[in-house]
Structure formats: structure tokens, C-alpha cells
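Notes to accompany the following structure.
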Amino acid sequence: MSAADASKGDAPRTPEAEGLAEQLREGYRLIGRSPVKVDGPAKVTGATRFADDLSLPRMLHAKLLRSHVAHARLVRIDTSAAEALPGVVAVLTGEALPTSFGILPVSQDEHALCRDKVRFVGDPVAAVAAVDEETAFEALSHIRVEYEPLDPVFEPAEAIKNEIEPIHDYGDDGNVHKRVSMEFGNVAAALDESDLLLDHEFFYEGNTHLPMEQHATLAWQEPDGRITIWSSTQTPHYLHRATSKVLGLSPSRVRIIACPNGGGFGGKSDPFNHEIVVAELARRTNRPVKICLTREEVFYCHRGRHPVHMRATMGFRKDGRITGLHFRTLLDGGAYGSYGVASTYYTGALQTVTYEIPAYRFDGVRTFTNKPPCGPKRGHGTPQPRFALEIQMDRAAEALGIDPADLRLMQLQPAHGITANWLRIGSMGLGPCIEKVVEGSGWREKRGKLPRGRGIGLACSSYICGAGLPIYWNAMPHSGVTLKLDRGGGVAVFCGETDIGQGSDTVLATCVAEILGVDLTDIRVTAADTDLTPVDLGSYSSRVTLMVGNAAIQAAERAREIVARTAGKTLGVPGNRLRFAEGRVFDVQDPDRGITFSEAVSQAEAEHGTIATAGSYTPPPTPGRYRGAGVGPSPAYSYSAAVVEVDVDEETGVVTVDKVWIAHDIGQSINEMLVIGQVEGSVYMGLGEALMEEMTYRPNRFGVHKIPSLLDYKSPTTKEMPEVVTYLVTDPDPNGPFGAKEVGQGPLLPMMPAIANAVYDAVGVRVDMTPITPERVLKALEREDRRCAPKPLPDLRIEDTVRIKTLAEGGDGTSPRTGRPTKESTAP
Amino acid sequence: MTVASEDGARPTADDPRRKAHVILRVNGEDHEVAFLPHKTLLEVLREDMGLTGTKHGCELGECGTCTVLVDGEPQLSCLLLGLQSVGRDIETVEGMAGADGLHPLQQAFAELGAAQCGYCTPGFLLTAEALLRNDPQPSRERIVEELSGNLCRCTGYLKIYEAVEQAAAARTAPGAGR
Ligand code: FES
Ligand code: FES
């Protein structure tokens, strides 16, 4: 793809637009380089204001009283003693906020404070606002709550039996929140015909985001009655909708400002109880109210990785080609819906985008359990199936006597093709990714040849660059950007995007600066303020670079065109010969003939009036139109491949990762340093998931979290972090801004299976469960089958499977009419 | 909901919790501060002095995020009382940049992308600063060791090591100001 194709705009090309295309063909000034990010100086001086850094005069502090039982009816709450405590200004219970909310329209199952039932230890039942945090905390101990205990359920295999009172009064049946089954092509026939059939079960443990910043929110009622909320949220737009709904206020009277997040990883993408509660407390007391969760509360808020029990039945021909795949998942959803319906679909959506799988069936079930709710964590629903799939590839390679790298390279999903489940692939750089890590690591010389106890493993993956559909059905853009040019040459950029550390402010500024030819320091970004900035749906699904970038390009091109029209006249140069660079506008054929950008803006303003433009982005339509087709489509897919070298101590079972080689198909870097930072951060987080991180509870003690602290919940420190060699593969995608694709989530995915495969290479055991703890390694070493595997998957009770013809079978992306309406929104 | 008491109606005359009135030396300047005696240095800095550059991730001594320098040594400000800090030399991230711009560590962290969300950054900067004062040219192993009490969830630490090394090189380069 040439750079010019990246410039968006449907209108016929004007000479000015031609000029821009020409400019971009000449090479980028900023794109792909590594200038300091726009918020870099603020971050290193401590000047960045995170939510808990804010305070207002007369501010009150709030605390939540959380349930200490897992499942119970709420009989009575007596708050009188708390109210009488000096310094307490307001006490709130569920009665005050009867309206339910939730991130997905199909799961509006939460209340700001519980009303009828509590569903997990940590479910909030009351809130206090007091003059200081200690008084609020003390007041909690004066609130009397009477519970009528109900049987809890902690395991999906139990929940699916439906033997207890259902946790919710909605869902597919009893404690089954969601059950899906779909088949593309004839899987049974494909598996029958295979020369090698693999059928194994896997378990991927739940783990949590653990952002270093604890969630915090400050709410304030303005004198005219409007509510402003500053919060550590990744999704200000969805918080805006949820808060307005629960408070019963017009969205025009609620303003959400997302503060820079001190890490998100998906953990701040749901609207949370505490955010809505402080808004209500601010309204009732007419004073600013702040809450900052304790670290323990952050563990209980969770919304992290679903524990998933899986079965992967996969057929291969002798020559290594995959014949078909039947993939089953059972998700432990925890106590609420959260993103869970989307998560369920995601455990089945992206198996098809790396290697050609001609026939594919997916059965997935999500159950409710009385534990903290699971939701989206970096990789949302895809690390679990990817773990199983990549281990099966390794098994098949060994059984068929084919190098695992070659087994993958022989059947890559073609670029610009359509998968069995109707996902349209764009650019596809997995081949070069595999080649780079294979070469860099010395894979061919090392695999199977390292001394016992040392091993090397390979795995690949892919991820979406933004969900193709919004969370609630609407036809509006997913991202908007407005621009205002100042006479002095400054450019103000407004966008709803939220910087959670990934560098989205910098991506936004870089796209604008590239096109207008100004410096990053000439750009002032105003982000994530629902009163001031056009909607961007939020920092989730790796959507920001692609969608915000495209919207920014469109807004900047429009501004450039206005300025170019006037400048062309002033300079007597045709518009298509104008170049915007180094803060100047000049003739490409005679660079001395030009004016400064600020002069050009001033002249254009004199001619056209105030220069302000807007740009927006809507993803292209998706070819799949069957029930459930809403999850998986994306404007583009990123690809990653990783090789890891490990050391396994057979005495202790301890696995040490010594070195990682990882290649990522980025399309085109916007800021290379930030891209590599995301890759390294993903490797780090994948390492934690693979080896140590787990959310575990005590079923005999009401399901309390075993280790809700930073010390006990093991995460990698400097001492566990291995050397990482990163390769970037540049294969611009026609849908990406300047060809760019995502990097925030994809590179995490290959880590866990690569480590599992390396453990096998080292000591010949298969640990088909995460985390790969010393106990599990030892257990596998002791067993005759040299394997550590989960208990058998219970019957998922799939009764009806939607059958969709693949493209090869002559399908058109729809499912045959089942007589059932397909109005349900399954969008993530 | 009920409004339980008059606004801020905390008993005062017989309240045992009287504020301590002390002088704290922070970033080379003496500050008169009044705070409740049980408050941690972290709370005093953030709440009573408005120095919110020092962050917290646990307030239990487990993450290193709240690290400041006390008499030149890295200390977890969430585990230290404000009162214990009287008469000692406290350094926070706000004191690092001077009139001539960013401190070499800050410069290196910004240039190399060692601060992603930036939340852990002040703690890392001060821990690294203490290291470089004791060992101007630390080995990679030493850096890994000294920073092992600070958690970062974004970067995977590698850019942080590189930034410390770059700052060490800049500091000892001929003609380096600091
Ligand atoms: S906040 Fe002090 S160590 Fe975590
Ligand atoms: S930069 Fe985010 S926690 Fe370190």
C-alpha cells in the first residue's frame, strides 16, 4: 500500500488533497519515529493529575460497605447509627438508586448498591460520605445488615447443573448466562477424514489487571445542578450513558472527564458502582465527593480474565493441513454480566484468523457464580482459546514429524481473505513474524537439541484492531475528532479518547501533526471530556489507534485543505504543489517559496473565517450476518509470533523464562518507541499469566479472595523479567491510519502457549493448564501420561447449533432462516 | 439517604485527635504543616501539602509506588508517619526538575518510553536516584536488584533499566551539570 492510500476522505480529490498525497509519498516526518510522547514530561515530573490527585474545597470522602457473604437475600439495612456518627454527612442504600445498569444492553444486571440480593463477597450494599476517609470508614462498622443466606455456587461445573436458586433472574437458563453454538462447514465430516485427531482439554485460570492506580472518582454538582464526574475510567462515553440512566438525568446534564488512567488493561472499562454512588452523593449533599478504592477493593471489583475450561478437537491431514476444529468453552463469569456475552463469543471468534481452518464449530457457555465478576482483560476472551490452539499445533507438529514453525507457515490464512466464520482479513504479516523469531532465536538449531531441562517453544496469535460494532446498536461514528487552528500556529485537538498509558494522546497528536506539518509541541490535546470532545467509544478492543487515527487524519486533511486553498493563491502555486512541513507551507518545486504555518493560517482565517474542522470514523461493514456475527469482525487484524527459551528445574518444578523473541505485525508504527513499549509490556503480562497470576477463592469461607494484595497475588518483578528481542513487521493495512494496526493486546497472546510448548521441549511434559506452577510441572513429571490436565468438561447441553455455510461452500454470510429473530445485540 | 448531622460537625474541644504542628523539610525547603499525628508521610505530602506527585498503589508497603527519599535513602512513604519525618530531608518527584529543565533520570525516562501510564514512575525515579548517588555506574544486575521492590504493570521494566543506564551515562559524561 502506498502512503497515499492511507489518507481517508470520500470526496473527489481536489488539487490540495493531491498535494497531501504527494507529501505523504515523500516520506513521513513523524510517523514511525520515536519522539517523546506528548504527555511524557508531565508523567516524569509527577504533574499528571490522576483521579485521586484531584480535590475540591469542602470535599467529602466516600466509602462503600461491601457484602461479606457470597449469596444472600438482603432483609434489612439499618443505617441509623452510622448517620448519627459525627462527621457523617450522608448514608446511601440501594433504595436510593433503583435503576439497573451494565456495560452491555443485554446485561443490565447491576445496581449502584444492592437492592434485593448480594451475589458475591464484595458486592456493595451501602455508602457513606463523611468529612474525612476515616470517619467514613468508621461509619461502615455502624451499619447493620441482615442477610438471609442462600446457597452459593463457585464452580461452573456446579452452576451448569442449576441446583441452586439462580443468581440472576435472567439468562439462558438458571445459572447459564449465555449458551452459544455455531458451525461453519461440516466439522464432523472434516474430523472423520483426518489422519490425525487431537482431542484434549485445557484450563485457563482467571487473573486480574492489577493496574498500579487504584480506581478513584470525584463527583461535583455544579451550581446549576449539572453533575461533573472525574474518574479513572477507560470508557467515559459508556460511563456517561450509565450514570445518566441511573441518576435519571439527561446526558446533557452529566459530564464525564476521564483522567489519565494509571494503567487500565480492561479493568476500568465497566461503569462501576462507586462511580455512580459518588455522583448521587454529590447530588444529595451538594458537595464534592471523592472515593478511592483500597487495593483489596480493586481485587474484588475485578472484571478480569474469565477462567475458561476448554476442549479442542482438531483434525489434521498427514501433510499437516488442518481439516477442522471443534472448540468448546465453559466460562466462569462470576456474579454479573459485565462484558461476558461478548467474552463468550470471543472465546470462539479468532481461532480462524491465523491458519486456514476449513470447517469450524464453536460451543460456548458462560455461567454465573458467586465470585467477583469477570470481564475484559487485555486480549479479551482470546488468550484462553489461543493457549489451547497453539498447544494443539505443537502436538500435531510432533505427531506428524513436521517442524512447528513449518506447520504454521504452510497454512497461513491468506491476506485479504475471508475466514470460515466470515471474518474479513486485511494485511497479514504472520509469515514474516514467524520467520523473524525463528531466525533470531536459532530455533532450528535449538528445538529438541537443548540439554535436558532447557527448552524452546513457539506460538503465534492474532488480535482485532477495534471491534467492528459498538456496544449498543447505533449507526453513528465510533470515533470523532475536532480541530481548531490558532492564528499563532497552534492546533487544538479534541477527542473522546482516553490515555491509559498506551499513548493514545500521542497517536492522536502525531496523526494531526504529520498532516499539518507542525511539531508535536504545537498541538494541544483535549481528551476524554464528554462536554467538550466528540465521542470516542473508549480504550478497549485495541480500537483507538485505528479509529481515532483515521478520524484525526480526516479532520486534519480538511483543515489542511482550507489553509492550502488560501496559501496556494498567496504564493501563486497550484494546491497540489504545496507541502506542509517543518512549520511551513511551501512549494515542493521551490522550497524557498513559502510562508510559515501561522501566516498561512492567519491568511486562511481572513478569507474563510475561524478554521475548525471535524473528522470521524466508522468501521466498514462486515461480511458475516449470522446470529453472533457481531463479535470478531474488525477493520484489521494484527499478528504476533513468539519464541521463548526456558529452564525447567525437575527437582522443584520451577520454570524460568530466560529469553523471549517476539515479532509483531504492526502494519505501520505511528510511534515506534510506544509500539515496542506495548510489546514489552505484553510480554511481561503474558509471563505473569503463564507462570504465576491467579484469582483464587476460598469456597469454604464464602468465596473470599485468597490473596487480595499486591504481595500475595504474585506478579512478575524486575527479577522475573527476561531479556526480550522485539521485531516489528511493517505490512500496512488499507484500513489503518497510515496503515497502522494495534499493538496493545495482541503481543500478549503467544506468550502463554509458547512457554507451555517450551516446557514440553525442555522436560517432555504437557501442562495444559495455567498458571504453569511448579506443582503442576511436578505433577506432570510424576504421571505416566506426562501431562497435567483439568477434569473432564461437563456436558454443555448444547441443543441447537446455528449452521452457517462457509464461503467455500457457497455461503453468503447468513444463517439459514431458523424462524427466530436475530435482534439480539452480541456486539462486544 | 439521610443527612445525618450538621455539616462537618466534628467535636473539637475534647477531641483527642489534635493536629500536630511541625516543620517538614521537603525538597530543600522548610514547610510549616499541621496534620493529625497518625497520618503517614504519604498522606501528609499528598493531602496536607498538595504534593500529589507521590502516588500509592497499596498503602501497605507492597508496591514501591510511594517511594520518596528520606535523608537520601528510598523509603516507602505509606509506612512512615509524617511525624517520623520531622527533622529529616525529604525528597519527592516535584523536587527533581530544576530551573534548567528535567533531571537526567526524568529526561531518560521520557526519551526512552520508561513511563507509560506514569503512575509508578515517581517511585522508580527516586529509587533510581538513590542508586545512582551510591553507584554512579551500576551494572544491569545491580539495577534489577535495586528496583525489584517497585512494581510496574505497564512497561515490563526493560525501558526503565535502559533509562537508568542512559541517565548514569549522562551524569558521568564530561561536562554533565548534575
Ligand atoms: S503505596 Fe506504599 S508501598 Fe504501595
Ligand atoms: S508505567 Fe504504568 S505502572 Fe509503570
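Numbers at a glance
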item	result
The range B:80-96: number of residues that are free of Cβ contacts under 8 Å to residues at least 60 places away in the same chain and either crowded, with 24+ Cβ neighbours inside 10 Å or basic (Lys, Arg) (or both)	1
Within the range A:1-96, strands (runs of 3 or more DSSP E) holding 3 or more residues that are in contact with a strand residue (DSSP E or B) (Cβ under 7 Å, 6 or more places away or on another chain), modelled with pLDDT of 95 or more and crowded, with 22+ Cβ neighbours inside 10 Å	A:60-66, A:88-93
Residue match in the range B:134-141 (condition: at pLDDT 95 or above and within 16 Å of ligand 2 (Cβ to nearest atom))	no
Selected residue (only one of A:LYS63, A:LYS37 is within 13 Å of another protein chain (Cβ to nearest Cβ) and not hydrophobic (A, V, I, L, M, F, W, C))	A:LYS37
Residues (charged (D, E, K, R) and either within 16 Å of ligand 1 (Cβ to nearest atom) or assigned to a loop (DSSP other than H, G, I, E, B) (or both)) located in the range B:118-146	B:ASP135, B:GLU146
Conditions (1) among the polar types (S, T, N, Q); (2) under 40 Å from the mean Cα position of the chain (by Cα); (3) outside the structural domain of A:ILE391 (by TED's automatic domain parsing): number failed by A:SER640	(3)
In the range A:545-575, the residues that are farther than 30 Å from A:PRO619 by Cβ, touching a Lys or Arg at 6+ places or on another chain (Cβ under 9 Å) and touching a residue at least 12 places away in the same chain (Cβ under 8 Å)	A:GLY568, A:LEU571, A:VAL573, A:GLY575
Residue count for the range A:159-172, restricted to those that are out of contact with any Asp or Glu (no Cβ under 8 Å at 6 or more places or on another chain) and at positive phi	1
Residues of the range B:97-111 satisfying the condition of being buried (at least 24 other Cβ atoms within 10 Å of the Cβ) and within 7 Å of chain A (Cβ to nearest Cβ)	B:GLN106, B:PHE109
Residue list for the range B:44-58, filter: in contact with a strand residue (DSSP E or B) (Cβ under 9 Å, 6 or more places away or on another chain), within 9 Å of another protein chain (Cβ to nearest Cβ) and more than 16 Å from ligand 2 (Cβ to nearest atom)	B:GLU47, B:LEU51
Residue tally, condition in contact with a helix residue (DSSP H, G or I) (Cβ under 7 Å, 6 or more places away or on another chain), over 21 Å from A:LEU293 (Cβ atoms) and within 16 Å of ligand 1 (Cβ to nearest atom), over the range B:54-89	10
Residue that is surrounded by the most Cβ atoms within 10 Å (Cβ to Cβ) [pool: residues in the range B:112-142 that are more than 12 Å from chain A (Cβ to nearest Cβ) and of a type in the set (Gly, Ala, Ser)]	B:ALA130
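For every residue, the table says whether it meets (1) among the basic types (Lys, Arg); (2) crowded, with 24+ Cβ neighbours inside 10 Å; (3) out of contact with any strand residue (DSSP E or B) (no Cβ under 6 Å at 6 or more places or on another chain); (4) not assigned by TED's automatic domain parsing to the domain that holds A:GLY267.
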residue	(1), (2), (3), (4)
A:ARG283	yes, no, no, no
A:GLU297	no, no, yes, no
A:ASP319	no, no, yes, yes
A:HIS326	no, no, no, yes
A:GLY337	no, yes, yes, yes
A:THR344	no, yes, no, yes
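The values are calculated or read from the model by the stated rules, or taken from the named source; none is laboratory data. Source: prediction; values computed, not measured. All Cβ positions, glycine included, derive from the backbone under ideal geometry; neighbour counts span all protein chains shown.
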